[in-house]
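Read through the structure below, which is laid out as structure tokens, and then see the notes.
The numbers here are math on the coordinates, done by the rules we state, and not lab data. Computed from a predicted structure; not experimentally measured. All Cβ positions, glycine included, derive from the backbone under ideal geometry; neighbour counts span all protein chains shown.
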Amino acid sequence: MKKRLLILEDGTVFSGNAFGSDKQSQGEVVFTTGMTGYQETISDPSFYGQIVTLTYPLIGNYGINRDDFESITPAIRGFVIRELAEHPSNWRSDMTLNDYLTAKDIPGIEGIDTRKLTRIIRSKGAVRAILTAADAEVNVDEIVAQLQATPLITHHVQHVSAQAPYPSPGRGKRVVLIDFGMKHGILRELNKRDCDVLVVPYNTTAEQILEWHPDGIMLSNGPGNPEDVTEGIETVKNLIGKVPMFGICLGHQIFSLASGAKSFKLPFGHRGGNHPVKDLRTGRTDLTSQNHGYAIDIDSLEGTDLELTHVALNDGTCEGVRHKKYPIFTVQYHPEASPGPEDSNHLFDEFIEMMEKEAAKEKQHA
């Protein structure tokens, strides 16, 4: 097999086997702890601009199938694993992981010590890195200097949001889904509940959204720093109190910022399908699927109209809020799973019930 190098901005060099595309690629290295779900991970728009490391050692053993994509075009910059399964065994498999990454022009590296890489990320935070061919012309010092001089990507959302509105018709409640980098799992859950969904770009104004007379508004997940999404924050600020809302991940952060809270960058993020979250209202703990590098500062909720509803049991960070006056709630994690446990899938039913209650109130007032 061809050899490939993963070079970090601190000068650490990992040598392994190349798979996928032959191109050189640069990005921010992060890790995720899911034991399965690599297809969903690769196609999750929230990984835009990142080189993704999987901590589970054997990857590719059930291949790639037609059903488990979370977007049409994957946005990751590279894929790092311990061992590649070259001969998948699963009745749904259509192609190998290697063939898929090659077709999508995404480079991968296998055979490195992913445990060591994960420890580096845990101690230093997400780091810039480059995937490049291992040949005699490689100058590690020059590449490290290049990485250190390269600013991190900003304004991720504009690269993964829909470019124009499009419908996903149903005969139930009308939901406008603001696409900040939406996973298809969110749309699937709304479709299951027969919602009449209109997906709109991240920079759609509140006035344009209200012209569609929605019963509710969904704020999707997405990549990057929520403070960069100024258009989305302004839109949500102008929608608060007018329509029921439900936000997930980046949508949760954007709603919180629009309500006066503040965000901060986590040392190495929450990524994986095994994160315990406690619901402070019921005392129930759910295992959740997560993928985010930023969080809302709990102390900044003081003085706002937001009530803390969920906390992460691993580090005590904010995992959900609810508006004290209006029918709006958001969570930091992914209730649609994809991949991950479906413990929190009931939140979509709560959203439907919330819209139905608001519709009943409007009928009474009419």
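The distance from the alpha carbon centre of region 304-366 to that of region 200-262 is 14 Å, rounded to a whole number. Put in line by how crowded their Cβ is, counting other Cβ atoms within 10 Å and starting with the fewest, His155, His270 read His155, His270. Excluding same-chain neighbours fewer than eight residues apart, the aspartates and glutamates reachable from Lys324 by a Cα-Cα span under 17 Å are Asp279, Asp299, Glu302, Asp305, Glu307, Glu350, Glu358. Based on DSSP H segments of at least four residues, each scored -39500 (n - 2.57), the chain has a per-residue ellipticity at 222 nm of -7000 deg cm²/dmol. Highest mobility in the GNM of the chain, judged by mean-square fluctuation with C-alpha springs under 10 Å and restricted to Arg122, Arg82, Arg174, is found for Arg122. Assuming a ≥ b ≥ c are the square roots of the Cα gyration tensor eigenvalues, decide whether region 170-216 counts as rounded (a/c under 1.5), prolate (otherwise, with a/b larger than b/c) or oblate. Oblate shape, in that a/c is at least 1.5 and b/c is the bigger or equal ratio. Highest mobility in the GNM of the chain, judged by mean-square fluctuation with C-alpha springs under 10 Å and restricted to Pro244, Pro276, Pro226, is found for Pro276.
Once the chain from Lys265 to Val138 is taken as fully extended at 0.36 nm per residue, the excess over their C-alpha distance is 42.4 nm.
Between the C-alpha center of region 51-111 and that of region 119-194 there is a gap of 16 Å.
For region 157-365, a/c is less than 1.5, where a ≥ b ≥ c are the root eigenvalues of the C-alpha gyration tensor. That puts it in the rounded class. Using a simple spin-label model with pseudo-atoms 7 Å out from Cα toward Cβ, Ser168 and Lys23 lie 2.7 nm apart. Going through (i) 48; (ii) 30; (iii) 15, the figure that equals percent of Cα pairs over 40 Å apart as computed for the structure here is (iii).
Distance between the pseudo-spin-label points of Lys192 and Asn238 (7 Å out from Cα toward the beta carbon): 3.4 nm. When the pairs Lys23/Lys265; Lys2/Lys23; Lys237/Lys278; Lys237/Lys265 are compared against a 19 Å limit on Cα-Cα distance, Lys23/Lys265; Lys237/Lys278; Lys237/Lys265 fall above it.
Computed from Cα atoms, the angle from the helix 114-124 axis to the main principal axis of the chain rounds to 60 degrees.
Taking square-rooted eigenvalues a ≥ b ≥ c of the alpha carbon gyration tensor, is region 3-149 rounded, prolate or oblate, where a/c under 1.5 means rounded and, failing that, a/b exceeding b/c means prolate? Prolate, because a/c is 1.5 or more and a/b exceeds b/c. Between the Cα long axis of helix 230-239 and the first principal axis of the chain there is an angle of about 20°, rounded to the nearest 10.
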